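Following: one structure in structure tokens, then a few remarks.
The values are calculated or read from the model by the stated rules, or taken from the named source; none is laboratory data. All values reported here derive from a predicted model rather than from experimental measurement. So basically every Cβ, Gly included, is an ideal-geometry build from the backbone, and we count neighbours across all protein chains shown. Ligands, DNA and RNA are excluded from the accessible area calculation, which covers all protein heavy atoms including side chains. Shrake-Rupley method; radii C 1.70, N 1.55, O 1.52, S 1.80 Å.
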Amino acid sequence: MKLTIGHLYPDLLNLYGDRGNIMCIQKRLQWRGIEAEVIPYPSGSRIDFDSLDLILLGGGSDREQELVCRYLKQVASEFKRWVEQDGVLLAVCGGYQLLGNYYLTDKTKIEGLGILDIYTKWEPERLVSNIILDNPLFRYPVVGFENHGGRTYIGDYSPFGKVRYGHGNTGTSGYEGVIYKNVIATYLHGPLLPKNPEVCDTLLARALKKKYGEEVALQPLSDELEHMANQAITDRFQKNQPASSTSERRRRISKNGGRKRRQK
Ligand code: GLN
């Protein structure tokens with residue numbers, strides 16, 4: 001068995017180690033004896049969507065998103081068709097925003113792919129935090145890091161998770177990301193998949209099912225260290241109030257004499 005993974009525009013969309021997601025996908029396939037071919041598509045290259053079983057669209061600054069937007073426009077209809085035909089996609093932060101109709105920044109309107117009927121609006125206060133989500137699809141809470149100026153309004157789509165700690169899509173909705181068909185779109189950088197092996201395996205299982213037409217049982221791997229790290233993060237943050245806003249956090253920190261808050 002083999003999966004072909006497309007890494008879209010790694011020269012422009014690769015913030016906070018999003019590429020680690022690719023390495024995780026590759027390793028978790030290889031450890032199970034499944035071949036993994038990764039094809040990077042730098043901006044401007046021609047993408048053969050039909051040859052791809054899984055796509056990663058990473059995050060970027062507003063400037064990089066503006067640059068990438070013109071390349072994405074050229075492939076929008078093909079990309080949309082691929083998603084509608086159950087293509088498996090992980091879109092992170094800037095990549096998530098670009099799946100929507102538009103991203104309105106402080107300077108300009110960046111046209112999105114319109115694959116998801118959602119939109120994003122910039123606000124001056126950035127939402128920066130560790131983040132913990134719950135989703136009954138996963139046994140463990142999903143943990144990660146978010147840093148975005150955009151607020152994403154997802155309408156009736158299913159979220160990727162309910163925010164237990166952190167900000168999420170808008171800072172107030174209580175939800176984070178979107179799951180649509182075989183797409184996971186999320187603000188979680190980090191990289192997401194090495195921290196959350198279950199999320200990685202969900203993508204792999206869906207990609208294998210689509211390619212081979214039937215459920216492929218994924219051989220369990222020892223994820224002991226990952227689970228211990230997950231536990232450490234959830235213990236550390238879940239007892240705190242959600243990080244409601246940067247100013248709120250600053251206020252709490254300055255009340256504390258600028259020292260780091262002690263975790264109880
Ligand atoms: N530029 C976008 C924002 O600030 C996305 C940033 C990112 O990918 N981290 O909202």
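Filtered by the rule that a residue be part of a loop (DSSP other than H, G, I, E, B) and either touching a Cys at 6+ places or on another chain (Cβ under 8 Å) or loosely packed, with under 14 Cβ neighbours inside 10 Å (or both), region 191-220 gives P191, G213, E214, E215, A217, Q219, P220. On the basis of being within 22 Å of D11 (Cβ to Cβ), surrounded by fewer than 23 Cβ atoms within 10 Å (Cβ to Cβ) and in contact (Cβ under 8 Å) with a residue 40 or more places away in the chain, does E78 make the cut? Answer is no for this residue.
Could you grab me the full set of residues in region 149-170 that are over 15 Å from I118 (Cα atoms), out of contact with any Gly (no Cβ under 8 Å at 6 or more places or on another chain) and surrounded by 22 or more Cβ atoms within 10 Å (Cβ to Cβ)?
Within region 149-170, Y165, G166, H167 qualify.
Just so you know, in region 108-121 the residues that are in a strand (DSSP E or B) and within 13 Å of the ligand (Cβ to nearest atom) include one that is modelled with the lowest pLDDT, and it is I110. Going by the conditions given, is L137 among the aliphatic types (A, V, I, L, M), open to solvent by less than 30 Å² (accessible area, probe 1.4 Å) and at pLDDT 95 or above? No, not satisfied.
Is it the case that region 117-129 has a residue that's acidic (D, E) and in contact with a strand residue (DSSP E or B) (Cβ under 9 Å, 6 or more places away or on another chain)? Yes, region 117-129 contains at least one residue that is acidic (D, E) and in contact with a strand residue (DSSP E or B) (Cβ under 9 Å, 6 or more places away or on another chain). Taken together, the criteria place D18 among residues that are within 16 Å of the ligand (Cβ to nearest atom) and within 15 Å of L193 (Cα to Cα).
Quick check on region 48-61: of everything there that is farther than 23 Å from H189 by Cβ and either touching a residue at least 24 places away in the same chain (Cβ under 8 Å) or among the β-branched types (V, I, T) (or both), which residue is nearest to the ligand (Cβ to nearest atom)?
The first filter runs over region 48-61 and keeps only residues farther than 23 Å from H189 by Cβ, leaving 48-51, 53.
From what's left, either touching a residue at least 24 places away in the same chain (Cβ under 8 Å) or among the β-branched types (V, I, T) (or both): 49-51, 53.
Details: F49: 23, D50: 28, S51: 27, D53: 24 Å.
The qualifying residue nearest to the ligand (Cβ to nearest atom) is F49.
Whether a residue is assigned to a loop (DSSP other than H, G, I, E, B), of a type outside the set (K, R) and over 21 Å from F79 (Cα atoms) was assessed, and P124 does not pass this test. Restricting attention to region 180-190, and to residues there that are modelled with pLDDT of 95 or more and open to solvent by less than 30 Å² (accessible area, probe 1.4 Å), which single residue is nearest to the ligand (Cβ to nearest atom)? So the residue we want is Y187.
Look at region 70-96 and say how many of its residues are assigned to a helix (DSSP H, G or I) and touching a helix residue (DSSP H, G or I) at 6+ places or on another chain (Cβ under 7 Å).
5
Could you please find all residues in region 21-47 being surrounded by fewer than 18 Cβ atoms within 10 Å (Cβ to Cβ) and within 20 Å of L188 (Cα to Cα)? Listed by number, the residues that qualify are M23, Q26. Scanning region 1-59 for residues that are within 20 Å of the chain's Cα centre (by Cα), in a strand (DSSP E or B) and small (G, A, S) gives a single hit, G6. The combined condition, being at pLDDT below 95, surrounded by fewer than 22 Cβ atoms within 10 Å (Cβ to Cβ) and of a type in the set (S, T, N, Q), is not fulfilled by Q65.
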